[in-house]
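Data block below; observations after.
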Amino acid sequence: MIKMFSLKQNCWFIRKVVIWRAVASIAWSVLLLPVTSAVFVLLSRFSLFHPIQWISECTSLLTASSTIFSLVVLCGVVLITGLFNLEFYTLVPSIPCSRMALLGTVLHPRQCVHSLVYCTMGMLVMWCASVTIGGRYSTLGIPCKQSESGEVVTCLNEYHLFLLLAGAFMGYSHSFLGVVKNMYYVSFQPIQQYKYPRFKGCLPMVVKCSVIQSLYSARNFAALYFFFGYVPKTWISSTLHLQIDSSLQPLDSLTGLLDFSLLYHLSISGTFLYFTWYLTVLLFRIYVTEAYSFPVQSTFTEDAEQCLPKVLAETNTLVMKFLALQDLALLSQHSLSRRLEVFSLSQPGGHPHNWNAISRECMSLLSELTQRLLAHQDAVASNGRVKSQSASIDTRSASSSSSVVSGTEDVSETPRLSVPLRTPGSVFTSSVGGMHSALTAPFTPDVDSPFSSPAIRRLVGQQEPRSPWFGTVQSPHIMRRGPKLWSASTESQSNGSPPASPATVPSPPAANQKPSFLAQWLQNRREQVKSFLAKRVLIVYLFNKLPEASSQALFADSQAHIWALQGLSHLVAASFSEDQFGVVQTTLPSILSCLVVLLEAVDRHFKLPHASSKPVRTVCSMGDSTYKTLRFALRAALKTAIYKITTTFGEHLNAVNISTEHRKRLQQFLEFKE
Amino acid sequence: YGLLDEITNSAEEGMSLTHCNHAAFAVRRFSLWASSFHGSLFPHLTLSSDEMVAEFSQMLDWSDSALRSFAWHPHTDKFAVALLDDSIKIYKSNSSPTPTLKHRCQRSVCALQWKPLCGSALAVACQSCLLIWHVDPASLSTRPSSGCAQVLSHPGHSPITSIAWSPTGSLLVSASPVDTSMMVWDVAAESAVPLQRVGGGGVTYLSWSPDGSRLLAATPSALFRVWETRMWTCERWPCLKGSCQSACWSPDGGCLLLSMQGERVIYALTFSDLTGINNTYSSPVTAFFLMKNHLKQLFCPPFFSGSSFVLRAGDSQADNHPSVIAVFKTRSSPVFELLPCGFVMGEAGAEPRFMQFHPHFQHGALLTVCWSDGRISHVPFYFSSAGLLGGDSPQQALASNTTNPSSNKLYTEQIS
């Protein structure tokens, strides 16, 4: 953790902006704490028939020393929550592609620490809550009379214990759901709002979510306590030498649990607990996603690294890159003066450095997505082909997602995961300080595991040398040839590739190459083991690929691409009237072909099974699920971007030098037939 | 003793029960009182859902109109018409098949709008939800399946009476008279951001300025708001008398014309760029009228530098005068001007219900009018010299009949 912090510190943006935004969000959550506590006190002591007494009790309680102390403890909890938000937040959600991968994430040591801390924090908050509620909940030990001797001893207060355990349970479920529902994924809103209106608009949602979540947790905890409540009870009473008061109704019985006031207090305190956490998350999200205006160009050379063209090219700080792209999209739509700066020429020399850098960066982002999609399609397609040629007995069908067999690592995910290998400058490696790679580690297919198919090894091993897409492809000529090349048969691909290193590829690297007898035998053994395992229900359940997960994972960071598309298209459209020196004209052909190639790749991706199925809409949850629909948003943004350019330029597009097939596609757009 | 205990217990129970009853009764009374209070503050909340749609629809006499809504495609020669039976038909200029759109949720269609910068998407405001149809322009099917439609709904946000796409096509805003917040939809992601302002009691009409920088939101009360769409803050504009009925923007987004309920004047608001509203006068622009009642609709064609048109329709029940559409020429520079130009009349007994300019008519302006007898007529205006206020020659109107195909004939409009 310390190492990560030091890594993050390196970037000026983290140091100067993100840290301060996080601090501001934490400060606001601490400032809001007294208000929420007061509301909690009012609700917890609520009595309908004695309003005067209720109000006076509450006011006296709010100024009591115990409440002040509770507030201090709660401030500590909020601080730790805020630090965890800063440490764990991610702009690219991690999407586990099978249940096994999900299990791996939940059991990851980092996640275990997280759960442990949240359990402790939950207990702390619940302790504060029980002290505040007072009455029978206030302390762990209460004096009681033993029935036979009549002497006064300290007994275990089960109500207090009940609330504390509930806190631990809620803490764990918060931490668990945080992983499952991607609580730390920070998404950007489609519109810009000031922080206060946005906070006000989100507040009812947060209240609703915390109430619902608390009710769910209370129900689950009550059920859990009913069955296993005696375990912690006897353990605590034996370690602390507390007697169990036999005159009271035990809580792990039906009659003990059906206590309305107990359930009310449980759900109220649970709501308070969740609300504190959710509020911190909400404030953090609002602060981090606030738009940041980068200067387009600077007069001083020492500020050059803070300018938009430089920042866009930066890949190590994901949050900075996202905010820069957002800023680009905003300036292209709303700010005339900044657009003019983009189109301006450099003072000595007269080169359009700003425009060149910005367009190059946007196009490399988009072509990187194109490559990713093509590689995915190729993996899905070649998967079927390799299988049919090799002498395997695997029953896997070509449509990988519908297959019931095979391990976690369906081949179709490999392209995504191997992207960091291939393009070091891609967004994936630019994860914040290596933290992301630690997170994705559980999803990475283990090449040496017995579950991995030969195809995956082939892919992983050969990825780097054989891919013609290595690095960023600048030439539109190569891009244009792309689809043809990739839809060609596997033979032509493996012909063009140098042989992979034998160390990483024990199995026959190419299908048409005659495999040796030993390798054949090994492969058959492996397939047999696999098919044996595939018949076990649990294994199938755990390793079966979740539908549409690979599709979601491919588009996980597509918010960046959407902004790049918006920024590029609006800038190009604005250049029609604003670009005095014609700097955009030189890049227009490559931009157009880049967009059309991406469109073709996206169109083909949506023909894959499960790619166009809509995800189930979650009713109410703090976890953001916008990443599930990013691929649809990207497709819409892409079409809108092309339309924006074609409607602006109209017939002038005929004069632009692009290939015939792309011109044909653009003609469709000119006639509004897409 | 046991019996006595039982009796007291039951008495206590009865007591508590009556207590509960009292409490429940009080709560009910209170909620009733609150709703009636709310209703007296905002009378439109007492209307039923259908009445509300009829009240706030841009189509006059929506409930008995054969045509429920109409929308030109912003870029091509294609329009969509919602009919009385809740189906939507799409007509194109060439004789390609006319798709009919039907959906389970598509009831009481109040507004239609095509997505800008897109060939296929059509937003439909229905009673319970918002439908986004994706009608493939290349497909030949006449009955697209309901799988082509996206259903967008938000609890408490129905009936929807107005929708507006942003001119860049990226956002869709929807409004309901019962919901104080309007929804800003990211349609592809199916997520909405509510923008709430309590005053006014709902939002009835939305209109996005052609340059995308501002959005008008009218409320059922005598109040309307102008949102700026960069940071989504709004300015309150209390109206003089009634609520804002209809509005249109000048093509450059600098001027907003408004008509109020129960008033015979058109108000103009001028905005200057970058600084928001600086020239905050609202002055009556037009002075002479033939109509008894208030103005109902305004529309500007989206382009023509220098001159454009504002139209208004009056409804004249119990009046000998036939309802006519008045045509004005407008000029936005140096100051905003409205010059009367002429009138468009329908056939005997036909009243105009809805009108819209073709968004990009090459040779001048093309006004499309929906009449009360179910006809849709197109009235072209040809400019003899563009840029000047000179001669428009409405030559002929092509009546494309949608509801009864038997009387499919051309007829000529007279301009007084």
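Could you list, in sequence order, all residues of segment A:172-196 that are within 11 Å of chain B (Cβ to nearest Cβ) and touching a residue at least 40 places away in the same chain (Cβ under 8 Å)?
A:Ser187, A:Phe188, A:Gln189, A:Gln192, A:Lys195
One residue is enough: does segment A:261-278 have a residue meeting the conditions over 25 Å from A:Thr90 (Cα atoms) and among the β-branched types (Val, Ile, Thr)?
yes
Of everything in segment B:205-257, what is of a type in the set (Lys, Arg) and within 24 Å of B:Leu47 (Cα to Cα)? Give them in sequence order.
Matches in segment B:205-257: B:Arg225, B:Lys241.
State which residue is nearest to the chain's Cα centre (by Cα) when the search covers only segment B:342-367 and only residues that are surrounded by fewer than 21 Cβ atoms within 10 Å (Cβ to Cβ) and in a strand (DSSP E or B).
Residue satisfying both the conditions and the ranking: B:Gln356.
Of these, B:Val226, B:Val193, which one is within 28 Å of A:Leu638 (Cβ to Cβ) and either away from every other protein chain (no Cβ under 14 Å) or without any contact (Cβ under 8 Å) to a residue 60 or more places away in the chain (or both)?
That would be B:Val193, the only listed residue that is within 28 Å of A:Leu638 (Cβ to Cβ) and either away from every other protein chain (no Cβ under 14 Å) or without any contact (Cβ under 8 Å) to a residue 60 or more places away in the chain (or both).
Can you pull out the residues in segment A:133-151 that are at pLDDT 80 or above and assigned to a strand (DSSP E or B)? Give the steps one after another, and end with the answer.
The first filter runs over segment A:133-151 and keeps only residues at pLDDT 80 or above, leaving A:133-144.
Result: A:Gly141, A:Ile142, A:Pro143, A:Cys144.
Going by the conditions given, is A:Glu578 among the acidic types (Asp, Glu) and farther than 30 Å from A:Gln326 by Cα?
Answer is no for this residue.
Residue by residue through segment B:134-152, note down the ones that are in a loop (DSSP other than H, G, I, E, B), surrounded by 19 or more Cβ atoms within 10 Å (Cβ to Cβ) and within 12 Å of chain A (Cβ to nearest Cβ).
B:Val135
When residues of segment B:116-128 are filtered for being surrounded by fewer than 22 Cβ atoms within 10 Å (Cβ to Cβ) and within 14 Å of another protein chain (Cβ to nearest Cβ), how many remain?
Looking only at that region, the number is 2.
When you scan segment A:496-557 for helices (runs of 4 or more DSSP H) that lie fully inside it, which ones turn up with 2 or more residues that are modelled with pLDDT of 85 or more? Please lay out each step first, then the result.
Details: elements: A:517-534, A:537-543, A:549-554.
Ranges flagged: A:517-534, A:549-554.
Do the conditions hold for A:Asp327, that is, is it part of a helix (DSSP H, G or I), within 14 Å of chain B (Cβ to nearest Cβ) and free of Cβ contacts under 8 Å to residues at least 60 places away in the same chain?
yes
Sort out which residues of segment A:229-250 are closer than 14 Å to A:Phe162 by Cβ, free of Cβ contacts under 8 Å to residues at least 24 places away in the same chain and not in a loop (DSSP other than H, G, I, E, B), and write them in order of number.
Once the filter is applied, which keeps residues that are closer than 14 Å to A:Phe162 by Cβ, free of Cβ contacts under 8 Å to residues at least 24 places away in the same chain and not in a loop (DSSP other than H, G, I, E, B), segment A:229-250 yields A:Tyr230, A:Val231.
For the subset of segment B:196-206 comprising residues that are in contact with a strand residue (DSSP E or B) (Cβ under 7 Å, 6 or more places away or on another chain) and under 25 Å from B:Gln150 (Cα atoms), which member is nearest to the other protein chains (Cβ to nearest Cβ)?
B:Gln196
Does A:Phe169 count as surrounded by fewer than 17 Cβ atoms within 10 Å (Cβ to Cβ) and in a helix (DSSP H, G or I)?
Details: surrounded by fewer than 17 Cβ atoms within 10 Å (Cβ to Cβ): no; in a helix (DSSP H, G or I): yes.
In short, no.
Among what's in segment B:93-115 and is closer than 21 Å to B:Leu60 by Cα and out of contact with any strand residue (DSSP E or B) (no Cβ under 7 Å at 6 or more places or on another chain), pick the residue that is surrounded by the fewest Cβ atoms within 10 Å (Cβ to Cβ).
Among those residues, the one meeting the criterion is B:Arg107.
For segment A:635-658, enumerate the residues that are in contact with a helix residue (DSSP H, G or I) (Cβ under 6 Å, 6 or more places away or on another chain), free of Cβ contacts under 8 Å to residues at least 60 places away in the same chain and over 10 Å from A:Leu670 (Cβ atoms).
Within segment A:635-658, A:Arg635 is the sole residue that qualifies.
Criterion first (within 25 Å of B:Ser87 (Cα to Cα) and within 10 Å of another protein chain (Cβ to nearest Cβ)) does B:Val187 satisfy it?
Spelling it out, B:Val187 is indeed within 25 Å of B:Ser87 (Cα to Cα) and within 10 Å of another protein chain (Cβ to nearest Cβ).
Taking segment A:332-354, which residues are assigned to a helix (DSSP H, G or I), surrounded by fewer than 24 Cβ atoms within 10 Å (Cβ to Cβ) and out of contact with any Asp or Glu (no Cβ under 8 Å at 6 or more places or on another chain)?
Correct list: A:Ser332, A:Gln333, A:His334, A:Ser337, A:Arg338, A:Glu341, A:His353.
Would you check if A:Gln371 is under 24 Å from the mean Cα position of the chain (by Cα), modelled with pLDDT of 90 or more and buried (at least 23 other Cβ atoms within 10 Å of the Cβ)?
Taking the combined requirement at face value, the residue satisfies it.
Are any residues in segment B:207-219 under 26 Å from B:Ser40 (Cβ atoms) and either within 8 Å of chain A (Cβ to nearest Cβ) or out of contact with any Gly (no Cβ under 6 Å at 6 or more places or on another chain) (or both), and if so, which ones? If you could, list the steps in order and put the result at the bottom.
Residues of segment B:207-219 that are under 26 Å from B:Ser40 (Cβ atoms), as a first pass: B:217-219.
Residues satisfying the conditions are B:Ala217, B:Ala218.
The values are calculated or read from the model by the stated rules, or taken from the named source; none is laboratory data. None of these values were measured; they are calculated from a predicted model. Ideal geometry is used to build each Cβ from the backbone, glycine not excepted, and the neighbour counts take in all protein chains shown.
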